[in-house]
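Novice: Here it is, the structure, as structure tokens.
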Amino acid sequence: MLRSKISGIGMYVPKNVFTNNDLVKYMDTSDEWIQERTGIKERRYADRTGETTTTMGVEAAKIAIERAGTTAQDIDFIVFATICPDYYFPGCGVLLQRAMQMKEIGALDVRNQCSGFLYALSVADQFIKTGMYKNILVVASEKHSFGLDFSTRGRNISVIFGDGAGAVVLQPTENVNSGILSTHLHSDGNNAEILAMYNPGTHANHWLNGKELADFENAEIGDMFMSHAMIDKAQNFPTMDGQAVFKVAVEKFPAVIKESLEANNLQTSDLRLLIPHQANLRISQFVQRKMELRDDQVYNNIQKYGNTTAASIPIALCEAWEMGKVKEGDLVCLAAFGSGFTWASALLRW
Ligand code: ACO
């Protein structure tokens, strides 16, 4: 039986460090408030004009490919997860394929928000297990800083997010004690609007029975996608009910971690490392307590990078691996929860 294994991992974060005090120059907030509620001290922001979601993904991918001992020309499939695409369409997968001068391989774009990397990894895992591909590049990259409301109006969201990218190369292995043991994907669209960016979109205020997600008043047929009124009302930014997200996240994270362990007849004591999506340090700490995990069994780096959505898991996994916290044979659980709601886990033997 074939398994897929992460044979190379890389990360890239922009050089530009933005501390909580830097944000105070733009909005009414404080270092104390941000650290107390989220654990975040600083985050990175991409160069305004020189860096895109794709270029950051390329930087992470180059490292992952080199560490896998392969070349860009040997990659036979791309899966790219992001919610901050360079273009509304086409997706970043083809832009990365072009930038890295890869062959005319398939490029799949995944948009599952904070769970994006695990959805992408799961898809890649299935393609490897069936023998269809042998060298899959999975990339997750986010340039949030380009689309946040940096006025006081947007402070409950803007302080949380940061930019960055992570990538892995998946290859087959016949070693049954190694690689991805299982992946678990879930969704519940009942609360899709609790954490969302509605515009630009085709929703026509349909989903909440006409509640104004966008101001279409006086819009001509060609204006409906993004009208001046939407921009004037700041309807082009993400919105979040933070407390509602918190409540569901602390229920779904433990459930999906347990699901992965139970599926493999393993226990939390077997875990070398849990890498939760870096949503909020308070959420990770809550999950750690609920799962009765020791400090050395959980890796968090949101303090330095903020929440980088799909990129947060591969960035944290890469950093933990570089620090020697993940070694051959170690059991690692990756778990995510985010907008949709979607949530997911992957259990792997490094
Ligand atoms: N600085 C200062 N004050 C702020 C800020 C800020 N950045 N943001 C909000 N406030 C104010 C609000 O205006 C409000 O003031 P008021 O009482 O005068 O009206 C007060 O703080 C409380 O606002 P809440 O939105 O209720 O803040 P809360 O205590 O819930 O904290 C937070 C917000 C940190 C987002 C919290 O709800 C949370 O941790 N939620 C979990 C969701 C999360 O982490 N999401 C991350 C992205 S989603 C994901 O990755 C899964």
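Novice: Here are the criteria: (1) within 28 Å of Asn156 (Cβ to Cβ); (2) surrounded by 21 or more Cβ atoms within 10 Å (Cβ to Cβ); (3) not small (Gly, Ala, Ser). Tell me which single one Thr54 does not satisfy.
Specialist: The failed condition is (1).
Novice: So which residues in region 103-141 are within 16 Å of the ligand (Cβ to nearest atom) and either under 22 Å from Gln35 (Cα atoms) or in a loop (DSSP other than H, G, I, E, B) (or both), if there are any at all?
Specialist: Result: Arg111, Asn112, Cys114.
Novice: Of all residues in region 220-235 being touching a residue at least 24 places away in the same chain (Cβ under 8 Å) and crowded, with 17+ Cβ neighbours inside 10 Å, which is nearest to the chain's Cα centre (by Cα)? Step through it out loud before you land on a result.
Specialist: As a first pass, look at region 220-235 and keep what is touching a residue at least 24 places away in the same chain (Cβ under 8 Å): 225-226, 230, 234-235.
From what's left, crowded, with 17+ Cβ neighbours inside 10 Å: 230, 235.
Working: Met230: 27, Gln235: 23 Å.
Top of the filtered list is Gln235.
Novice: Need the failing condition index for Asp215 against (1) more than 19 Å from the chain's Cα centre (by Cα); (2) in contact (Cβ under 8 Å) with a residue 24 or more places away in the chain; (3) more than 16 Å from the ligand (Cβ to nearest atom), just the number.
Specialist: Status for Asp215: all satisfied but (2).
Novice: Next question. In the set Gln285, Gln278, which member is open to solvent by less than 10 Å² (accessible area, probe 1.4 Å) and within 14 Å of the ligand (Cβ to nearest atom)?
Specialist: Going through Gln285, Gln278 in turn, the sole match is Gln278.
Novice: Looking only at region 229-255, count every residue that is under 29 Å from Glu42 (Cβ atoms) and of a type in the set (A, V, I, L, M) and tell me the total.
Specialist: 7
Novice: Which of the residues spanning region 166-197 are open to solvent by less than 30 Å² (accessible area, probe 1.4 Å) and part of a loop (DSSP other than H, G, I, E, B)?
Specialist: Scanning region 166-197 gives a single hit, Ser178.
Novice: Determine whether region 237-259 contains at least one residue that is away from the ligand (no atom under 16 Å from the Cβ), farther than 30 Å from Lys62 by Cα and either at pLDDT 95 or above or not assigned by TED's automatic domain parsing to the domain that holds Arg282 (or both).
Specialist: So far as region 237-259 goes, yes, one or more of its residues are away from the ligand (no atom under 16 Å from the Cβ), farther than 30 Å from Lys62 by Cα and either at pLDDT 95 or above or not assigned by TED's automatic domain parsing to the domain that holds Arg282 (or both).
Novice: Would you pick out the residues in region 142-157 that are buried (at least 24 other Cβ atoms within 10 Å of the Cβ) and either touching a Leu at 6+ places or on another chain (Cβ under 8 Å) or not in a loop (DSSP other than H, G, I, E, B) (or both)?
Specialist: Glu142, His144
Novice: Which count do you get for residues in region 23-65 that are in a helix (DSSP H, G or I) and either more than 16 Å from the ligand (Cβ to nearest atom) or closer than 27 Å to Cys318 by Cα (or both)?
Specialist: Within region 23-65, residues that are in a helix (DSSP H, G or I) and either more than 16 Å from the ligand (Cβ to nearest atom) or closer than 27 Å to Cys318 by Cα (or both) number 18.
Novice: What pairs come up if the first residue lies in region 135-153 and is assigned by TED's automatic domain parsing to the domain that holds Gly164, the second is aromatic (Phe, Trp, Tyr) and in a loop (DSSP other than H, G, I, E, B), and their beta carbons are under 8 Å apart, counting only those six or more places apart or on different chains?
Specialist: Close Cβ pairs (under 8 Å, with a partner that is aromatic (Phe, Trp, Tyr) and in a loop (DSSP other than H, G, I, E, B)) amount to Gly147/Phe237; Leu148/Phe237; Asp149/Phe237; Phe150/Tyr26; Ser151/Tyr26.
Novice: So, in region 294-342, how many residues would count as being open to solvent by 10 Å² or more (accessible area, probe 1.4 Å) and either more than 19 Å from Val248 (Cβ to Cβ) or modelled with pLDDT under 95 (or both)?
Specialist: Qualifying residue count, region 294-342: 19.
The values are calculated or read from the model by the stated rules, or taken from the named source; none is laboratory data. This is a predicted model, so every value here is computed, not measured. All Cβ positions, glycine included, derive from the backbone under ideal geometry; neighbour counts span all protein chains shown. When the accessible area is computed, the model is the full protein with side chains, heavy atoms only, and any ligands, DNA or RNA have been set aside. Shrake-Rupley method; radii C 1.70, N 1.55, O 1.52, S 1.80 Å.
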